[in-house]
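S.K.: Structure in structure tokens, see below.
The values are calculated or read from the model by the stated rules, or taken from the named source; none is laboratory data. Note that this is a predicted model, so its numbers are computed, not measured. Reconstructed Cβ throughout: ideal geometry from the backbone, glycine too, with neighbour counts over all protein chains shown.
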């Protein structure tokens, strides 16, 4: 009999990196005939997922509208419990630890096992009160914990006391450079991610103004959308950067943009693993990022395949970007070094790590 596994999401129709990774892994695992997969969302705000989901993977939703963490969750526990029972779910994978506050009580005294899949860092979770409370509850009660980095694995074991049934699984590379489709790199800087404060939009404005006004032949393309878009549009108009700082919104062909880009910049205030950095490496694009705790240090080797800049030092980040803009051979060397270290992030390997968890449970 097939094991029935449910990925539990806030909204799987969204266009974020978390949703992209979840869909990619579910689609890959779907090929294994020992398992049957589905998705459950708190709600679905779009008619279909932004990232194409295998047609044989069913989707469900608990409610008609978004409910923020709090008392409103209480009414959903019973609905989720009935779903787990009716569908005979063996394993539920919570794509955000906040969802553990629903799945753990809903699965109590049932056969369903709960996997808590961490997509942020322990530091971030502990910095937000409601997430901190849920984390403390989840880390003691979930059947298995999956984190994104070795740094977080240490944090969970040493700081949070989770010693067993925990492992690190990297996000997989969504695509790998096709040598036949490889193009000549253009004078393009790229940043991929939500246009949100936590993604360092204020830093990006300072840095882009400095480097773009000194290099009029370069463009900086932003892939993603969010609350800071209007803010950025005003900034672009004020500084006459319409031809250089370009907002493309949410796109599905990220690989095509990366194939042309010469530099990837990640100015985030914090990162889990840094999906955009990982995909940039896979497409031979050197990265410049702030040396925030956890993720970037596991992906970037400073001065070898990119630059790690002291956190939030905009002057230094602009300086490192300027060096790469001025020296094409250095960009090429960094890119080759980045591409040569991708084995840990191949989908085949990560798929096997998830299957090992399923068999353990």
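S.K.: Have a look at 303, 274 and point out the one that is within 17 Å of the chain's Cα centre (by Cα) and either surrounded by fewer than 19 Cβ atoms within 10 Å (Cβ to Cβ) or modelled with pLDDT under 95 (or both).
M.R.: Values: 303 fails: within 17 Å of the chain's Cα centre (by Cα).
Exactly one of 303, 274 is within 17 Å of the chain's Cα centre (by Cα) and either surrounded by fewer than 19 Cβ atoms within 10 Å (Cβ to Cβ) or modelled with pLDDT under 95 (or both), namely 274.
S.K.: I'd like the residue in region 63-111 that is closer than 18 Å to residue 19 by Cα and in contact with a strand residue (DSSP E or B) (Cβ under 6 Å, 6 or more places away or on another chain) and, out of all such residues, is surrounded by the fewest Cβ atoms within 10 Å (Cβ to Cβ).
M.R.: Looking at the filtered set, the residue picked out is 97.
S.K.: Has region 174-185 got any residue that is surrounded by 14 or more Cβ atoms within 10 Å (Cβ to Cβ), at pLDDT 95 or above and in a loop (DSSP other than H, G, I, E, B)?
M.R.: no
S.K.: Of the residues 50, 60, which is modelled with pLDDT of 90 or more, in the same structural domain as residue 98 (by TED's automatic domain parsing), out of contact with any strand residue (DSSP E or B) (no Cβ under 8 Å at 6 or more places or on another chain) and within 27 Å of residue 131 (Cβ to Cβ)?
M.R.: Only one candidate passes the filter, namely 50.
S.K.: Out of the helices (runs of 4 or more DSSP H) lying entirely within region 261-349, which hold 1 or more residues that are touching a strand residue (DSSP E or B) at 6+ places or on another chain (Cβ under 8 Å) and free of Cβ contacts under 8 Å to residues at least 40 places away in the same chain? Break it down stepwise before answering.
M.R.: Values: elements: 275-282, 295-299, 314-326, 328-339.
Helices (runs of 4 or more DSSP H) meeting the threshold: 275-282, 295-299, 314-326.
S.K.: Within region 198-213, identify whether any single residue is touching a residue at least 12 places away in the same chain (Cβ under 8 Å), at negative phi and either not in a helix (DSSP H, G or I) or not assigned by TED's automatic domain parsing to the domain that holds residue 255 (or both), and answer yes or no.
M.R.: No; the residues of region 198-213 include none that is touching a residue at least 12 places away in the same chain (Cβ under 8 Å), at negative phi and either not in a helix (DSSP H, G or I) or not assigned by TED's automatic domain parsing to the domain that holds residue 255 (or both).
Per-residue answers, yes or no, for (1) in a helix (DSSP H, G or I); (2) surrounded by fewer than 14 Cβ atoms within 10 Å (Cβ to Cβ); (3) out of contact with any helix residue (DSSP H, G or I) (no Cβ under 7 Å at 6 or more places or on another chain); (4) free of Cβ contacts under 8 Å to residues at least 40 places away in the same chain:
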{"residue": "124", "(1), (2), (3), (4)": "yes, no, yes, no"}
{"residue": "135", "(1), (2), (3), (4)": "yes, no, no, yes"}
{"residue": "140", "(1), (2), (3), (4)": "yes, yes, yes, yes"}
{"residue": "145", "(1), (2), (3), (4)": "no, no, no, yes"}
{"residue": "152", "(1), (2), (3), (4)": "yes, no, no, no"}
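S.K.: Regarding region 236-252, can at least one residue be identified that is modelled with pLDDT under 95, in a helix (DSSP H, G or I) and outside the structural domain of residue 148 (by TED's automatic domain parsing)?
M.R.: Taking every residue of region 236-252 in turn, none turns out to be modelled with pLDDT under 95, in a helix (DSSP H, G or I) and outside the structural domain of residue 148 (by TED's automatic domain parsing).
S.K.: Let me ask another. For region 66-94, which residues satisfy the criterion of being at pLDDT below 95 and assigned to a loop (DSSP other than H, G, I, E, B)?
M.R.: Once the filter is applied, which keeps residues that are at pLDDT below 95 and assigned to a loop (DSSP other than H, G, I, E, B), region 66-94 yields 66, 67, 68, 69, 70.
S.K.: Taking region 95-111 on its own, how many of its residues are closer than 19 Å to residue 44 by Cβ and not in a helix (DSSP H, G or I)?
M.R.: Here the count works out to 2.
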